[in-house]
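Working notes, beginning with the structure itself.
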Amino acid sequence: MHELSIAMQIIEIVEEEAKNHAAVGISAIKLDIGKLSGIEPDALEFAMEEAVRGSMAEKAEVQYNYIQAVSVCEDCCHEFESQDYFKTCPFCNSLNTSLIRGKELKIAAIDLITN
């Protein structure tokens, strides 16, 4: 379950940012997660519940923004939703497509508690 190590790294990063800004706690963490990022949503949410224990983010609300994967056809320039990395363009049937969104895994925002 690599989601636990990812959750631990997220908490490490947000705690470091909180300390850099002299915060006394973290009230919210907002995560952007692409549908094709390789992250299992239920596993990450469970792992985050464990990772925040005893941290500055223990009482933080964790918000998950799951991003639909989108590809673009390099031949006809149409964008379309994807369910996998390699997708045929539904408009022109070209195989010359590229994933442009949906593999993200990033901390979008951290709400800090300061004195």
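The values are calculated or read from the model by the stated rules, or taken from the named source; none is laboratory data. Keep in mind the model is a prediction, meaning the values are calculated, not measured. Every residue, glycine as well, gets a Cβ built from its backbone with ideal geometry; the counts of neighbours run over all protein chains shown.
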Name the residue, out of 34, 38, 54, that is at pLDDT below 95 and not acidic (Asp, Glu). 38
Going by the conditions given, is residue 17 free of Cβ contacts under 8 Å to residues at least 60 places away in the same chain and of a type outside the set (A, V, I, L, M)? no
Quick test for you: out of 83, 63, pick the one residue that is among the polar types (S, T, N, Q) and under 17 Å from residue 108 (Cβ atoms). 63
Among the residues of segment 73-102 satisfying the criterion of being among the hydrophobic types (A, V, I, L, M, F, W, C) and in contact (Cβ under 8 Å) with a residue 24 or more places away in the chain, which is surrounded by the most Cβ atoms within 10 Å (Cβ to Cβ)? 73
Can you pull out the strands (runs of 3 or more DSSP E) entirely within segment 7-97 that have at least 2 residues that are within 30 Å of residue 114 (Cβ to Cβ)? 25-34, 61-67
Which residue, of 50, 61, 17, 79, is charged (D, E, K, R) and under 30 Å from residue 99 (Cα atoms)? 79
If you go through segment 14-50, how many residues are aliphatic (A, V, I, L, M) and surrounded by fewer than 13 Cβ atoms within 10 Å (Cβ to Cβ)? 2
Please specify each residue of segment 98-115 satisfying the condition of being assigned to a loop (DSSP other than H, G, I, E, B) and closer than 21 Å to residue 35 by Cα. 102, 103, 104
